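The values are calculated or read from the model by the stated rules, or taken from the named source; none is laboratory data. These figures come from a predicted structure and were not determined experimentally. Please note: Cβ atoms are built from the backbone with ideal geometry, for glycine as well, and neighbour counts cover all protein chains shown. For accessibility, only protein heavy atoms count, side chains too; no ligands or nucleic acids. Shrake-Rupley method; radii C 1.70, N 1.55, O 1.52, S 1.80 Å.
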Amino acid sequence: MATTRLIPKTEFDRIIAAPTLDRFDRLSLLADMCRLNTLNAVKRAGSGHLGTSFSAMDIMAVLYFDLMNINAVGPEDPNRDVFLSSKGHDVPAQYSILFALGIVTRDQLLNLRRLHGLEGHPSVRIRGIEANTGSLGMGISKGRGIAKAKSLTGRGGSVCVMTGDGELQEGQIYEALQTTAHQRVGMTVVVDNNRVQSDKPVSDITDLRDLESKFRAFGWHVERCDGHDFRELRRIFLGFADLGDQPRILIADTIKGRGVSFMEHPQALREGGGLYRWHAGAPDDESFKRADAELDRSLGIRLAALGLSALKAEEIAPPVKAASATSPEYVVEAFGQKLVELGARHPHLVVLDGDLSADCRLRKFEHAYPERFIENGIAEQDMVSMAGGMARHGVLPVVNSFGTFLAARANEQIYNNCSEGSRVIYVCHLAGIIPAGPGKSHQSIRDISLFRALPNCVIVEPCCGGEAEQLLEYCVERATDSCMMRLVIGPSPRTLQLPAAHRVRPGVGVTLVEGDDIVVFSSGPVLLHEVLSASEALGAAGVGVRVVNMPWLNRVDPDWLASVVDGVRAAVVVENHSPEGGLGDTLLTAMTAADGRTPIPVFKMGVTGYPMCGAPGEVLAYHRLDAASLTGRIADIAEGLGTSAAGLDTASIPRIEADSPIG
């Protein structure tokens, strides 16, 4: 990794205190200094969102450095001004500003997307952050609640909420717009109107058309300006303060990637053939160095012209990484390729997407069958109900989004579709806690439990590309009920090889390793890798662990299960999900006799509490689901059964370190 650097707080203090600086020159310098720190923080983290952070930076700079009272009274004062970002993925920009103000520490900023550092999306655990966001559409409602609470308690302070323009596709936005106006809650909303979603123009996904007329129709006062014009931004915000209980919206026309020429969306879209490549992920070394040099050069020229000395940045050594375990396999890639193949065989198969085509590997289907690819934008509930209508009239919809958004946000719509008996395939991408950098808003650990409550829905999770192809084929060609498939979108830690003659059968798993002491069930490439690594260490210490890949998360063949647990003294279920309502509960129910007893003890190991943000290895270790932790936990169970793990060695077990640029 390229060497990164940090502009220290003392340099921000110098620019803030410079007596000769014009207000707007100062704001321009501070904003670009924060851009430089944001770029370096994201590069160091290995993932993050630069495009939207750079488009929103100038708006945040005016609010934090010039208008809000948070720097004077502190982020804990009940009379503070409140700013929150509803879109949330621009939080690297907010962190950089909070660092410049001394609210976020140097160590925190250098540990963006690391365990106990700064989370990948806003979290109230971080000083200065007012709401957990990242799941889109909630911010205006949250802001209205904050403003109403201030009014009821007699506390002072303004409330400002930032939304993205693509975020305006979420239905909750419009519920909030009408109730805020009806309740006469005097708050401010800023739309970061950069006109680009994850990698395509907003107008290509769902055209928002005349925003000003829409907002005025809801009863809001509306202004519009260049979102990088500090004078206009300040003038409008000051004018908003005189409007009392009239809610107000500023449509700020911005440039995604502002400040780095090749990241700015007009140029980036041209160079990308209509696709924007700087939404998520860290830039490669060459691109990072170009961007860093461009920002540094621009700042140097302006500082010299203003009679100020050059900035003194602190070089930061790259973080030390542990030995990693990764393979070239992406299970989701095999899913996307198989979808194209099945599309050729089944003209009634239609794919629906929630603005995640690239992440979900749907682009090949989109290009092969554009008439059967439906882009719904950031509107999961609408997408799922549309799929339900299609399913009632001769079409097989395959609905795609990140699992935490699809399973939870659209759960009532999914329940409704299933109650109609129509068949829909739901694909929950980014299943489980890895990649962990985006944080809890994106880590899906509730999806199995939400789907498991539906009596006519089959839930599956493949452990490798070959199994993904077979399970998708089952869902399309053999299943009679609706199906949900969980998919990990990062690289597989190892490429798992199933027996050559293996063919998936409902309720039947595959034994990967034989052992006579304990049987361990798991699914998916991430935790099966950890379980296999643990079984190898335990086997060397004299504990025989039978490892079973169980891709059927809510269907169990009782005869197969009886044969798999025969001869062992305990069963352990390790899952990339909450221990409540997942595979563990499915197997526990299947093994429980009429008298409430199980033939052998059953132990569930899953993601307890809220999932942590960080690098994959450190997050798995925190939740005690890495190979070393599992080795110790299973050894303790074996010890309780009378089998000692003599000379157990966990120090040499490699950790997963490779993350994904998603989210």
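One residue stands out among those in the stretch 548-584 that are part of a helix (DSSP H, G or I) and buried (at least 23 other Cβ atoms within 10 Å of the Cβ): the one that is nearest to the chain's Cα centre (by Cα), which is Leu583. Within the stretch 153-176, can you find the residues that are in a helix (DSSP H, G or I), open to solvent by less than 10 Å² (accessible area, probe 1.4 Å) and in contact (Cβ under 8 Å) with a residue 60 or more places away in the chain? Selection gives Gly166, Glu167. Given the residues Ile70, Ile59, Ile16, which is the only one that is more than 17 Å from His121 (Cα to Cα), surrounded by 24 or more Cβ atoms within 10 Å (Cβ to Cβ) and more than 22 Å from the chain's Cα centre (by Cα)? It is Ile59. Taking the condition closer than 17 Å to Ile634 by Cβ, in contact (Cβ under 8 Å) with a residue 60 or more places away in the chain and not polar (S, T, N, Q), does Ala571 pass? Considered against the rule, which asks whether it is closer than 17 Å to Ile634 by Cβ, in contact (Cβ under 8 Å) with a residue 60 or more places away in the chain and not polar (S, T, N, Q), Ala571 comes out as no. Just one of the numbered conditions (1) in contact with a Pro (Cβ under 7 Å, 6 or more places away or on another chain); (2) of a type in the set (Val, Ile, Thr); (3) under 26 Å from Ser28 (Cα atoms) is not true of Val185: (3).
Looking only at residues of the stretch 190-242 that are of a type in the set (Lys, Arg), over 27 Å from Gly273 (Cα atoms) and in contact (Cβ under 8 Å) with a residue 40 or more places away in the chain, we find that the one that is surrounded by the most Cβ atoms within 10 Å (Cβ to Cβ) is Arg234. Exactly one residue among Leu27, Leu39, Leu101 is more than 24 Å from Leu168 (Cα to Cα), open to solvent by 10 Å² or more (accessible area, probe 1.4 Å) and either in contact with a Lys or Arg (Cβ under 7 Å, 6 or more places away or on another chain) or not polar (S, T, N, Q) (or both), and that residue is Leu101. Annotation note: of Ala61, Ala93, Ala41, the sole residue that is among the hydrophobic types (A, V, I, L, M, F, W, C) and touching a strand residue (DSSP E or B) at 6+ places or on another chain (Cβ under 6 Å) is Ala41. Contact map, the stretch 490-509: first residue among the charged types (D, E, K, R), second residue buried (at least 16 other Cβ atoms within 10 Å of the Cβ) and in a loop (DSSP other than H, G, I, E, B), Cβ cut-off under 7 Å, separation 6 or more or different chains; pairs are Arg494/Ala325.
Among the residues making up the stretch 358-369, a single one is in contact (Cβ under 8 Å) with a residue 40 or more places away in the chain and open to solvent by less than 30 Å² (accessible area, probe 1.4 Å): Cys360. For the stretch 453-462, the condition of being touching a residue at least 12 places away in the same chain (Cβ under 8 Å) and either in a helix (DSSP H, G or I) or closer than 20 Å to Cys613 by Cβ (or both) holds for none of the residues. Could you list, in sequence order, all residues of the stretch 374-399 that are over 15 Å from Cys428 (Cα atoms), of a type outside the set (A, V, I, L, M) and either touching a residue at least 40 places away in the same chain (Cβ under 8 Å) or surrounded by fewer than 20 Cβ atoms within 10 Å (Cβ to Cβ) (or both)? The answer is Glu375, Asn376, Gly377, Asp382, Ser385, Gly389, Arg392, His393, Gly394. Residue-level check: of (1) within 19 Å of Asn576 (Cα to Cα); (2) open to solvent by less than 10 Å² (accessible area, probe 1.4 Å); (3) at pLDDT 95 or above; (4) β-branched (Val, Ile, Thr), Val545 misses just (1).
Report yes if some residue within the stretch 125-138 is within 23 Å of Asp242 (Cβ to Cβ) and in contact with a Lys or Arg (Cβ under 8 Å, 6 or more places away or on another chain); otherwise report no. No, the stretch 125-138 contains no residue that is within 23 Å of Asp242 (Cβ to Cβ) and in contact with a Lys or Arg (Cβ under 8 Å, 6 or more places away or on another chain).
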